[in-house]
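Remarks on the structure that follows.
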Amino acid sequence: ARQAVSLGDLHVLTADLQDKALLQLSERLQEPVVVSTRRFGDLVLNRKLHWFEGKAQWNRHEVMLHLDPDEDGGIAGAIKTAESLWADQAAWKRKVEQFAVYHLLATKNDDWLAEDEREFTPTAFKRAMKLQSIHVYGDGGVEFWDDGSLFGNHAIHIHGTLKGGLTDVDVG
């Protein structure tokens, strides 16, 4: 309930700070939104970034998994994409590593070697890559993010689609 308070010629509306319905609604809106999956466990909505996230095992290493909601806010399509990706993760790991080597090895060796650092072989480059997160979209899109240790804290970002394969890489 609101009430008017007069301060001379100034009239101010005050809010009843004990409005229980508003307080309950506020508390409910702050509760985490969680989607539980069999393969990936609980995925929690990150309200600031507008995606669901959790941790998952990718080729025996833990990575962050981000699932981008569809226009309706659901993540069923992204979960389906992620399940397809995880079902063939050994092949996708090879694809990601080969794509990165093909597109970035020369750049690393020509422009990004630290003082006294030896040139990288393709095998050494693959070993040095540390996949940090995978972002998945309901339309089949995927993004792989490396931790940035190869390029002075600039992450390797590789993206593509399940059907079309890997299409682009950048360092940033």
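The values are calculated or read from the model by the stated rules, or taken from the named source; none is laboratory data. Here the structure is a predicted model, which is why all the values come from computation and not from measurement. A quick note on method: Cβ atoms are made from the backbone with ideal geometry, for glycine too, and the neighbour counts reach across all protein chains shown. Areas reflect the complete protein model, heavy atoms only, side chains present, ligands, DNA and RNA absent. Shrake-Rupley method; radii C 1.70, N 1.55, O 1.52, S 1.80 Å.
Spatially close Lys pairs in segment 47-119, defined by Cα atoms under 22 Å apart and a spacing of eight or more places or different chains, total 7.
Rounded to the nearest 500 deg cm²/dmol, what is the calculated helix-only ellipticity per residue at 222 nm for the chain, with -39500 (n - 2.57) per DSSP H run of length n ≥ 4? Please report the intermediate quantities before stating the final value.
Details: 4 runs with 53 residues, N = 172.
The helix contribution divided over the chain gives -10000 deg cm²/dmol.
Under the criterion of Cα pairs below 8 Å and six or more residues apart, the relative contact order for segment 45-172 equals 22 percent. Using only Cα atoms and rounding to the nearest 10 degrees, what angle (0 to 90) does helix 76-87 make with the longest principal axis of the chain? The angle comes out at about 30 degrees. Between the Cα long axis of helix 20-30 and the first principal axis of the chain there is an angle of about 0°, rounded to the nearest 10.
Under a model in which nothing but the beta-carbon of Lys, Arg (+1) and Asp, Glu (-1) is charged, segment 118-172 shows a dipole of about 280 debye around its Cα centre. Ranked by solvent-accessible area (1.4 Å probe, protein heavy atoms only, all chains present), the residues 28, 60, 39 order from largest to smallest as 60, 28, 39. Relative to the first principal axis of the alpha-carbon coordinates of the chain, what is the inclination of helix 89-111, with its axis defined by its Cα atoms, in degrees from 0 to 90 and to the nearest 10? Relative to the chain, helix 89-111 is tipped by roughly 80 degrees.
As a fraction of the 1.4 Å probe accessible area of segment 92-172, surface on carbon and sulfur atoms comes out at 48 percent.
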